[in-house]
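**Student:** Let me begin by handing over the structure; questions about it come next.
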Amino acid sequence: MSYFMYDVMGVTVDEPDPAMMERVLDGLADADDEHPDVSLSHESGWCLSVFNSGLLIWENPDDDALSPGEMRDVTRAETLRLLGLLAAGDIESIKTLPWLR
């Protein structure tokens, strides 16, 4: 399965391992109004965006039938877990979480 991340400046990181995912998250310390998040996108179309505040946005931009979901105050450990699930293609496990729409 193919996946990639965008760092806070929009640079693409192809198929990052967990250590690289952590480094990309570290870049959120430099987030600003123009570059507020990092994200991981899976070939299925699903995307998880991460903000420094602990906000996560879960969406599939290719599917207009489902509005984006969000979770607030998500810990770094949980964020890394969810990024790992998405990278592995475990979409169903992420979908079952309590996303606010």
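Where a number appears in this text, it was derived from the coordinates with a stated rule and is not lab data. The shown structure was predicted, so the numbers you read here are calculated from the model rather than taken from an experiment. Cβ sites come from the backbone with ideal geometry, for glycine too, and all protein chains shown count toward neighbours.
**Student:** When you scan region 1-12, do you find a residue that is within 23 Å of Ile94 (Cα to Cα), of a type in the set (A, V, I, L, M) and touching a Pro at 6+ places or on another chain (Cβ under 6 Å), even just one?
**Tutor:** Yes - at least one qualifying residue is present in region 1-12.
**Student:** Restricting to region 7-55, name every residue that is assigned to a loop (DSSP other than H, G, I, E, B), over 17 Å from Val74 (Cβ atoms) and under 11 Å from the mean Cα position of the chain (by Cα).
**Tutor:** The answer is Asp7, and nothing else.
**Student:** Answer yes if at least one residue in region 90-100 is basic (Lys, Arg), out of contact with any Leu (no Cβ under 9 Å at 6 or more places or on another chain) and surrounded by fewer than 16 Cβ atoms within 10 Å (Cβ to Cβ), and no otherwise.
**Tutor:** Within region 90-100 (the criterion being basic (Lys, Arg), out of contact with any Leu (no Cβ under 9 Å at 6 or more places or on another chain) and surrounded by fewer than 16 Cβ atoms within 10 Å (Cβ to Cβ)), the answer is yes, since at least one residue qualifies.
**Student:** Still on this structure, please answer the following. Could you list, in sequence order, the residues of region 56-79 that are buried (at least 16 other Cβ atoms within 10 Å of the Cβ) and either among the aliphatic types (A, V, I, L, M) or in a loop (DSSP other than H, G, I, E, B) (or both)?
**Tutor:** Answer for region 56-79, where residues must be buried (at least 16 other Cβ atoms within 10 Å of the Cβ) and either among the aliphatic types (A, V, I, L, M) or in a loop (DSSP other than H, G, I, E, B) (or both): Leu56, Ile57, Asn60, Met71, Val74.
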